[in-house]
2 protein chains.
Amino acid sequence: MSNPEIEAQLAPLRERVQEQGNLVRELKAKGAAELDVKKAVAELKVRKKVLEEKELALTPSVISFDRAKMEDLLKRRFFYDQSFAIYGGITGQYDFGPMGCSLKSNILALWRQFFSLEEQMLEVDCSILTPEPVLKASGHVERFADLMVKDVKTGECFRLDHLIKQALEKLSKAKDATATLQADCEDIIIKLDGLNKQELADVLAKYNIKSPLTGNDLSEPIEFNLMFATQIGPTGLVKGYLRPETAQGIFVNFKRLLEFNQGRLPFAVAQIGNSFRNEISPRSGLIRVREFTMAEIEHFCDPVLKNHPKFAGVANEKLTLYSACNQMDGKSAQQSTIGDAVSSQLVVNETLGYYMARIQQFLHAIGIKPECLRFRQHMGNEMAHYACDCWDAEILTSYGWVECVACADRSAYDLGQHTAATGVRLVAEKRLPAPKTVEVSEIVSNKQALGKTYKKDAKAITEALAKLSLDDIKQVETQLASGGQYKLTLPDGATHELDAETIGVKHATKTVHVEEFIPSVVEPSFGIGRIMYSLLEHSFQCREGDEQRCYFTLPPVVTPIKCSILPLSNNAEFQPYTQKLSGALTKAELSHKVDDSSGSIGRRYARTDEIAIPYGITVDFDTLKAPHTVTLRDRNTMKQVRIDLEAVVGVVKDLATTRLTWSQVLQQYPAFEQQETTK
Amino acid sequence: MSNPEIEAQLAPLRERVQEQGNLVRELKAKGAAELDVKKAVAELKVRKKVLEEKELALTPSVISFDRAKMEDLLKRRFFYDQSFAIYGGITGQYDFGPMGCSLKSNILALWRQFFSLEEQMLEVDCSILTPEPVLKASGHVERFADLMVKDVKTGECFRLDHLIKQALEKLSKAKDATATLQADCEDIIIKLDGLNKQELADVLAKYNIKSPLTGNDLSEPIEFNLMFATQIGPTGLVKGYLRPETAQGIFVNFKRLLEFNQGRLPFAVAQIGNSFRNEISPRSGLIRVREFTMAEIEHFCDPVLKNHPKFAGVANEKLTLYSACNQMDGKSAQQSTIGDAVSSQLVVNETLGYYMARIQQFLHAIGIKPECLRFRQHMGNEMAHYACDCWDAEILTSYGWVECVACADRSAYDLGQHTAATGVRLVAEKRLPAPKTVEVSEIVSNKQALGKTYKKDAKAITEALAKLSLDDIKQVETQLASGGQYKLTLPDGATHELDAETIGVKHATKTVHVEEFIPSVVEPSFGIGRIMYSLLEHSFQCREGDEQRCYFTLPPVVTPIKCSILPLSNNAEFQPYTQKLSGALTKAELSHKVDDSSGSIGRRYARTDEIAIPYGITVDFDTLKAPHTVTLRDRNTMKQVRIDLEAVVGVVKDLATTRLTWSQVLQQYPAFEQQETTK
């Protein structure tokens, strides 16, 4: 990105972003109307997108990637493919075949080692089916929705923003489009993200937009919640959803987990599992799907102590940071050590910074290209309602920059919400520097009087009284003092007027040694399917001079099969050696594949390359003679060496566990020269 | 079970079973009415149950198990607990805390190594959300249901068979119950399993059975499908279910998997994942839940070649087999090598036998008590609609014998069903011993005439014609030859009369070298939650003389944490040693826990015992002096040795990977004597 020619082309675009960024700042500073800010931000996003697309267009390595060719290979060798294809398939759902499943589970195994084991996290495994009240408290029932419209005759659904954009683009490209119409359309498209439901409905009506498939009328915009709904149990009375994220399972178990950790903070909880989102129109392959595996960490800590004991160990890790500020100024992302980023307050605290560095180390370890990874900070207006700072690890793919890991400081939001919804205090305690005397006020009730007057409601009343806040109690006191009654509302909506006969307020002082607080949460959240897809793109290669021979340069640590065994031909004499090697590889816990099918050795190498097998052992006629040797081939370089039969499994084990590199092997063992032919 | 005193008590019960078993055989032999057979079988089951309960009652070790005490420990140390408890909880759903999650994932890791890796299975990971047509074909939409009734006022649901049994038991125990009433009730309870929906409704009416909770009227019996239903996508038109088993995902991918295996049989496919069943009234803790993890294997093979290449390796494995025959004769289960069982045709083929032996080896490896494991053969009448032989691995727990692994020969059922539903031929090919000339008949159609007459239906007609069976084609020929018309029914129900103008039948001969066949499937299906629960019961112990000190004797291979590090006190001098040990254990990939909390060493040992940590390293004052040593303690025996600081991690690694036993350690290192006190 420091190429001066490219920068010259980008300069005017950068300027346009900066100009708009300044406008947004100005509007915010002078407290402009929310809608005006929203529109300015929408325009800012559009300008940013134009800039980004130009930047990508000027980066030839990404653009020359042949996605169709890779997808063909992934399908042909069943890394993954559409689910239920023989029944016509369902969009947004994929089945992972042997190679995809193994790649995924290797990525997850490394993730566990990298995060759970290394950081001694508490790993949990919570239910997928979630009753409605939990997701009401988390905000998902109300807010986790997209707007859509329906074809009134066929019932076909369209995501509203996509539909309007498509329709207006078509309108403004029509031959008879006036300049005014074109300008209007462009204006709306730019502001689309900032429009609310009614404004979008007005656009639909004004331009008389119909179904693009049938020309039929469309319904009013409908808010479509993206959660899959179902009924738990046979009564039809318990509404539930498939969880849209794994995080809530951790929050509702906070008390148990804190206790497991003997009441101490900080601690981190990890969970790997499936989540579900009923996308209106899923697309982009594995990037936007209805069913996906997440790996989430919730790191609970004292809100005033967000330093991290292991931060010093990662402080020198260099990250590409695309700050909110740079985004508003039209500047590009910048390199910085995470130590500098935290000390300059660009990244809000050490814990967030620590995880960002570890996320990068993990993504590099599985084979993501360092130059295709950046951390983009959320701008104030795009931050989720719960977050106080958020950086997305974005990976560059042929779909552009894709958000693969979100790293957010969720503050006390979630625990606070569940506390409010259940009355169960999801808090931690810390020892005060010195004991403190505090005044406590509580409601005391005359049980007899309550029971006599309210009979079976007395219990509910006592419970409701116990839940009153300090402010409520003050109000009770005021009311009763003035000889009045306090109006109490029960959870079921019933109200009761209570007087000084039945309740009173008691004051006392108490010496406390600890104080309660709601812990803060830092959440790194990994989308495993997206990471896996990006990794496949980054490792996809074709042989120079033979574009039909494609392969994946996946590192051995994640590769599904570590080694192949190829007898040179189906000569029966090779068999005992093949079997012996297979047994030794199993014993060494190395996944492997024997390919004794017919076909030239070159063709079989090509087949193993397609499924990313990094090393291949060939049994040939020299194997039959003492000293018994085999050849060992490296997938990436296609170079071969000749190794003693007894030694080869140890060498493969060392290569697969990165205790040995291929160049070291080349130095230690004689090269074996052979032309690979696939004929 | 060979104790003569016990056998004497069981003998009359065995006789009663045998008597009834003979009656069932007799009824079947003379082709009695289905209902009579069903009733006889129901009575047989009851007699079997009485026998089994008596047998269990005479086995004191199981009865003395204190389930409440274990459950208290599991809850207190958060192995697992009810989901969403702070929201009141949902029955039949559990969250696994750190210890439960880790135990489960260790069991699964060993499972992968034991089955997937060792047998080079293809592991897949398929979608959970499944569109309705797939589960219609598999039979789940129609048959996967239980009968229930609803309280007409509150909507409360009851499983019908449980409800009737409970109501009649209460009736017959009432003071005013006549002998006739008691006999009638007993008779119905015995025959309950054999009654159909109408007969059960009649019982409800005859005894005027009401809701046991409210006394309200009950609805008519309703068939309640146990699958969770939802909508896929926003239109509300695509009905889907959460999968009730993982197997169907494998069957619908059969073609891709066969191709991945280069067209060869046999091969096995494995899948680990969650399945869902909307139980009417879940109970028995982890045994009957709504959301559970399964590990399933589908082994595809030629139906006439069900031998297994590795069978010889397991032929001497001794299994406890409870054959259908022994069950009908009131005999107990019998020991046999799997080799003898297959050669005597008790187990139907080598492949089924091979998996039964491997299942046993796996269950022993994770710590299931050998004397509490048996394989029970399904009797003809309880076999699922698809199975041709089925053996359940049952584990004895305080809930009785629990089915934990089902090992079924599903024959060609599933692939046949999906072929019929989709028209995609899920078949394999095999080379014929010699080429064969076959006559082929096919429909030829006059495209022009078809198009002219049937317009837009022409395509659907052509497709339907291509799907006609050989019998259909013969019928077409007969009809047309007699100058008539062939009546074709389209999938949408429309019919068309086709005459010789538009279609005809062509005959030809063809030389074929291969023949197609539908592979047979052998399916071992593991319920991971049930296995895990059984394992916890089998490994639960209390210290002799101190019944409050409980622990689990889980083997190191599955134990969540392999080692604890306990500094003797919070003396700061211990810290560098604690840290060094922790670093070394991480490097050796050994999960561990540092417990530097206050509390006596004995109390901390007790805490680590509760979460099954098999080995504990204590840093004490001798550690500070050269030669630096620590103590190593064994959970099961509570014995300790003193070991050099540098050597201890290697010893723990060897112990954890079973390369070393604790008695070997006792011989190699000096014992360390110390009274454990929890005071």
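The values are calculated or read from the model by the stated rules, or taken from the named source; none is laboratory data. Bear in mind the structure is a predicted one, so any value in this text is a computation, not a measurement. Don't worry about glycine lacking a Cβ; one is built from the backbone with ideal geometry, like all the others, and counts go over all protein chains shown. Accessible surface is based on the protein model in full, side chains and every heavy atom, while ligands, DNA and RNA are left aside. Shrake-Rupley method; radii C 1.70, N 1.55, O 1.52, S 1.80 Å.
Is it the case that B:GLU169 is within 7 Å of chain A (Cβ to nearest Cβ), open to solvent by 50 Å² or more (accessible area, probe 1.4 Å) and not hydroxyl-bearing (Ser, Thr, Tyr)? It would help to see each step written out before you state the result.
Numbers: within 7 Å of chain A (Cβ to nearest Cβ): no; open to solvent by 50 Å² or more (accessible area, probe 1.4 Å): yes; not hydroxyl-bearing (Ser, Thr, Tyr): yes.
No; evaluated as a whole, the condition is false for this residue.
What residue, of A:LEU581, A:LEU568, A:LEU585, A:LEU554, is in the same structural domain as A:VAL651 (by the TED database) and either open to solvent by 10 Å² or more (accessible area, probe 1.4 Å) or under 25 Å from A:LEU74 (Cβ atoms) (or both)? None of the other options fit; the residue is A:LEU568. Answer yes or no as to whether A:LYS54 is farther than 27 Å from A:ARG374 by Cα and either open to solvent by 20 Å² or more (accessible area, probe 1.4 Å) or among the hydroxyl-bearing types (Ser, Thr, Tyr) (or both). Against the criterion (farther than 27 Å from A:ARG374 by Cα and either open to solvent by 20 Å² or more (accessible area, probe 1.4 Å) or among the hydroxyl-bearing types (Ser, Thr, Tyr) (or both)), A:LYS54 does not qualify. Among (1) at the interface with chain A (Cβ under 9 Å from one of its Cβ atoms); (2) open to solvent by less than 30 Å² (accessible area, probe 1.4 Å); (3) under 28 Å from B:LEU265 (Cα atoms), where does B:LEU117 come up short? So the condition that B:LEU117 fails would be (2). Taking the stated definitions as given, is B:LEU110 out of contact with any strand residue (DSSP E or B) (no Cβ under 6 Å at 6 or more places or on another chain), facing chain A (nearest Cβ under 7 Å) and open to solvent by 20 Å² or more (accessible area, probe 1.4 Å)? For B:LEU110, the condition - out of contact with any strand residue (DSSP E or B) (no Cβ under 6 Å at 6 or more places or on another chain), facing chain A (nearest Cβ under 7 Å) and open to solvent by 20 Å² or more (accessible area, probe 1.4 Å) - is not met. Checking each residue in region A:447-468 for being open to solvent by 50 Å² or more (accessible area, probe 1.4 Å) and of a type in the set (Gly, Ala, Ser) picks out only A:ALA466.
Conditions tested, residue by residue: (1) within 14 Å of chain A (Cβ to nearest Cβ); (2) under 30 Å from A:LYS239 (Cβ atoms); (3) modelled with pLDDT of 90 or more.
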position: B:VAL24; (1), (2), (3): no, no, no
position: B:GLY31; (1), (2), (3): no, no, no
position: B:GLU34; (1), (2), (3): no, no, no
position: B:GLU53; (1), (2), (3): no, no, no
position: B:LEU56; (1), (2), (3): no, no, no
position: B:GLY89; (1), (2), (3): yes, yes, no
position: B:GLY97; (1), (2), (3): yes, yes, yes
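Pairs are defined by a Cβ separation below 7 Å, a sequence spacing of at least 6 or placement on different chains, a first member in region A:244-263 that is free of Cβ contacts under 8 Å to residues at least 40 places away in the same chain, and a second member that is outside any loop (DSSP other than H, G, I, E, B); the pairs so defined are A:ARG256/B:ASP81.
Against the definition (over 25 Å from the mean Cα position of the chain (by Cα) and open to solvent by less than 30 Å² (accessible area, probe 1.4 Å)), how does A:VAL37 come out, yes or no? When the stated conditions are applied, A:VAL37 passes them.
Evaluated against (1) open to solvent by 60 Å² or more (accessible area, probe 1.4 Å); (2) at the interface with chain B (Cβ under 8 Å from one of its Cβ atoms), A:GLN198 falls short on exactly one condition, (2). Restricting A:SER275, A:SER211 to those that are over 32 Å from the mean Cα position of the chain (by Cα), open to solvent by less than 40 Å² (accessible area, probe 1.4 Å) and within 13 Å of chain B (Cβ to nearest Cβ) reduces the list to A:SER211.
Of the residues examined, A:PRO576 is one that is more than 40 Å from the chain's Cα centre (by Cα) and surrounded by fewer than 16 Cβ atoms within 10 Å (Cβ to Cβ). Restricting B:ALA341, B:ALA393, B:ALA357, B:ALA324 to those that are open to solvent by less than 30 Å² (accessible area, probe 1.4 Å) and free of Cβ contacts under 8 Å to residues at least 24 places away in the same chain reduces the list to B:ALA341.
Which residues, counting only those in region A:150-162, are part of a helix (DSSP H, G or I) and either within 9 Å of another protein chain (Cβ to nearest Cβ) or at pLDDT 90 or above (or both)? Don't jump to the end; show me each part of the working.
Of the residues in region A:150-162, the ones part of a helix (DSSP H, G or I) are A:160-162.
Across region A:150-162, the qualifying residue is only A:LEU160.
Does A:ASN253 qualify as being of a type outside the set (A, V, I, L, M), within 7 Å of chain B (Cβ to nearest Cβ) and within 23 Å of A:THR91 (Cα to Cα)?
Values: of a type outside the set (A, V, I, L, M): yes; within 7 Å of chain B (Cβ to nearest Cβ): yes; within 23 Å of A:THR91 (Cα to Cα): no.
Criteria not met by A:ASN253.
Among the strands (runs of 3 or more DSSP E) confined wholly to region A:508-559, which include 1 or more residues that are without any contact (Cβ under 8 Å) to a residue 40 or more places away in the chain?
Numbers: elements: A:520-527, A:540-543, A:546-552.
Qualifying strands (runs of 3 or more DSSP E): A:540-543, A:546-552.
Here A:GLU186 clears all of (1) within 30 Å of B:THR130 (Cβ to Cβ); (2) at pLDDT below 90 except the condition numbered (1). Here B:GLU245, B:GLU223 are screened, and the one residue that is more than 14 Å from every other protein chain (Cβ to nearest Cβ), under 27 Å from the mean Cα position of the chain (by Cα) and either crowded, with 17+ Cβ neighbours inside 10 Å or not in a helix (DSSP H, G or I) (or both) is B:GLU245.
Evaluation of A:ALA268 against the conditions (1) more than 30 Å from A:GLU537 (Cβ to Cβ); (2) at the interface with chain B (Cβ under 7 Å from one of its Cβ atoms); (3) in a strand (DSSP E or B) shows that the sole unmet condition is (2). With the structure loaded, tell me whether A:GLU610 is of a type in the set (D, E, K, R), under 43 Å from the mean Cα position of the chain (by Cα), within 18 Å of A:THR553 (Cβ to Cβ) and within 14 Å of chain B (Cβ to nearest Cβ) or whether it fails that test. Criteria met by A:GLU610. For region B:297-311, state whether one or more residues are at pLDDT 90 or above and at the interface with chain A (Cβ under 10 Å from one of its Cβ atoms). For region B:297-311, residues at pLDDT 90 or above and at the interface with chain A (Cβ under 10 Å from one of its Cβ atoms): absent.
Just one residue in the set A:ARG77, A:ARG47 is at negative phi, modelled with pLDDT of 95 or more and more than 24 Å from the chain's Cα centre (by Cα); that residue is A:ARG77.
Count, please, the residues in region A:327-338 that happen to be within 23 Å of the chain's Cα centre (by Cα), within 24 Å of A:ASN22 (Cβ to Cβ) and open to solvent by less than 20 Å² (accessible area, probe 1.4 Å). Of the residues in that region, 1 qualify. Taken over region A:457-476, the criterion of being charged (D, E, K, R) and not in a helix (DSSP H, G or I) is satisfied by A:LYS467 alone. Taking the numbered list (1) of a type outside the set (D, E, K, R); (2) within 14 Å of chain A (Cβ to nearest Cβ); (3) at negative phi; (4) in a loop (DSSP other than H, G, I, E, B) in turn, B:SER564 passes all entries but (4).
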